[in-house]
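**Student:** Mind having a look at this structure? Questions to follow.
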Amino acid sequence: QVQLVESGGGMVQAGGSLRLSCAASGRTFSRFGMGWFRQAPGKEREFVAAVNWNGANAYYADSVKGRFTISRDNAKNTVDLQMNSLKPGDTAVYYCAVGPRIGGSPASWDYWGQGTQVTVSS
């Protein structure tokens with residue numbers, strides 16, 4: 001069955017960096033979009049970034065544009081999120097998502113990871 005496993009979360013001070021990785025297994029996703037969402041306590045899950053099937057097009061939430069970079073490796077079935085200049089407001093559980101179409105709503109995505117916690121202290 002399909003499985004998405006995130007790694008790389010942790011605690012960092014404001015201004016620091018983290019790199020999240022998501023490894024997909026169970027099928028090949030080379031023709032699917034891959035993305036990241038996040039959910040802070042008491043808030044809805046929100047779109048962070050996504051990349052199309054061949055990595056040619058990337059999309060970012062305004063709140064992370066210029067600080068986060070998404071990339072994928074179809075040979076390894078992985079998608080990464082490089083997060084720089086982190087802020088306390090970036091604190092959330094980050095989820096990897098895969099789907100045939102890229103959309104800003106969680107409902108647009110078919111497969112989800114379990115999530116990895118990112119905590120940014122001030």
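**Student:** What single numbered condition from (1) hydrophobic (A, V, I, L, M, F, W, C); (2) surrounded by 15 or more Cβ atoms within 10 Å (Cβ to Cβ); (3) closer than 21 Å to GLN1 by Cα fails to hold for ALA75?
**Tutor:** The number of the failed condition is (2).
**Student:** Moving on to the next point. Looking at (1) touching a Phe, Trp or Tyr at 6+ places or on another chain (Cβ under 6 Å); (2) of a type in the set (Lys, Arg); (3) modelled with pLDDT under 95, find the lone condition where ARG27 falls short.
**Tutor:** Failed condition: (1).
**Student:** Would you check which residues across the stretch 22-42 are open to solvent by 40 Å² or more (accessible area, probe 1.4 Å) and either among the aliphatic types (A, V, I, L, M) or in a strand (DSSP E or B) (or both) and list them?
**Tutor:** Across the stretch 22-42, the qualifying residues are ALA23, SER25, GLN39.
**Student:** Something else now. Report, by residue number, each residue of the stretch 75-94 that is closer than 21 Å to ARG45 by Cβ and either among the hydrophobic types (A, V, I, L, M, F, W, C) or assigned to a loop (DSSP other than H, G, I, E, B) (or both).
**Tutor:** VAL79, LEU81, MET83, LEU86, LYS87, THR91, ALA92, VAL93
**Student:** Would you mention how many residues in the stretch 48-67 are of a type in the set (Ser, Thr, Tyr) and under 17 Å from GLY103 (Cβ atoms)?
**Tutor:** Summing the residues that are of a type in the set (Ser, Thr, Tyr) and under 17 Å from GLY103 (Cβ atoms) in the stretch 48-67 gives 2.
**Student:** Just wondering, is there one or more residues in the stretch 96-105 that are in a loop (DSSP other than H, G, I, E, B), on the phi > 0 side of the Ramachandran plot and touching a residue at least 40 places away in the same chain (Cβ under 8 Å)?
**Tutor:** no
**Student:** Next question. Would you please name the residue that is least open to solvent (accessible area, probe 1.4 Å), looking only at residues in the stretch 1-21 that are under 17 Å from ASN84 (Cα atoms) and assigned to a loop (DSSP other than H, G, I, E, B)?
**Tutor:** Pass one, the stretch 1-21, residues under 17 Å from ASN84 (Cα atoms): 7-21.
From what's left, assigned to a loop (DSSP other than H, G, I, E, B): 8-9, 14-17.
Numbers: GLY8: 37, GLY9: 34, ALA14: 54, GLY15: 57, GLY16: 18, SER17: 62 Å².
Out of the qualifying residues, it is GLY16.
**Student:** Related question: Please work out if THR116 is within 13 Å of the chain's Cα centre (by Cα), β-branched (Val, Ile, Thr) and open to solvent by 40 Å² or more (accessible area, probe 1.4 Å).
**Tutor:** Details: within 13 Å of the chain's Cα centre (by Cα): yes; β-branched (Val, Ile, Thr): yes; open to solvent by 40 Å² or more (accessible area, probe 1.4 Å): no.
The answer is no for THR116.
**Student:** Restricting to the stretch 63-72, and then to whatever is assigned to a loop (DSSP other than H, G, I, E, B) and more than 18 Å from PRO106 (Cβ to Cβ), can you tell me which residue is most open to solvent (accessible area, probe 1.4 Å)? I'd like the intermediate steps shown before the answer.
**Tutor:** Here is the first cut: in the stretch 63-72, the ones assigned to a loop (DSSP other than H, G, I, E, B) are 63-67.
Narrowing the set further to residues that are more than 18 Å from PRO106 (Cβ to Cβ) leaves 65-67.
Values: LYS65: 118, GLY66: 82, ARG67: 28 Å².
Within the stretch 63-72, the match that is most open to solvent (accessible area, probe 1.4 Å) is LYS65.
**Student:** Also: More than 15 Å from VAL5 (Cα to Cα), modelled with pLDDT of 95 or more and surrounded by 12 or more Cβ atoms within 10 Å (Cβ to Cβ), is that true of TYR95?
**Tutor:** The answer is no for TYR95.
**Student:** Follow-up question, since we're still on this one. Answer with yes or no whether PHE47 is open to solvent by less than 20 Å² (accessible area, probe 1.4 Å) and not polar (S, T, N, Q).
**Tutor:** no
The values are calculated or read from the model by the stated rules, or taken from the named source; none is laboratory data. Keep in mind it's a predicted model, so treat the numbers as computed, not measured. In this analysis, Cβ positions are derived from the backbone assuming ideal geometry, glycine residues included, and neighbour counts consider all displayed protein chains. With ligands, DNA and RNA removed, areas are computed over all heavy atoms of the protein, side chains included. Shrake-Rupley method; radii C 1.70, N 1.55, O 1.52, S 1.80 Å.
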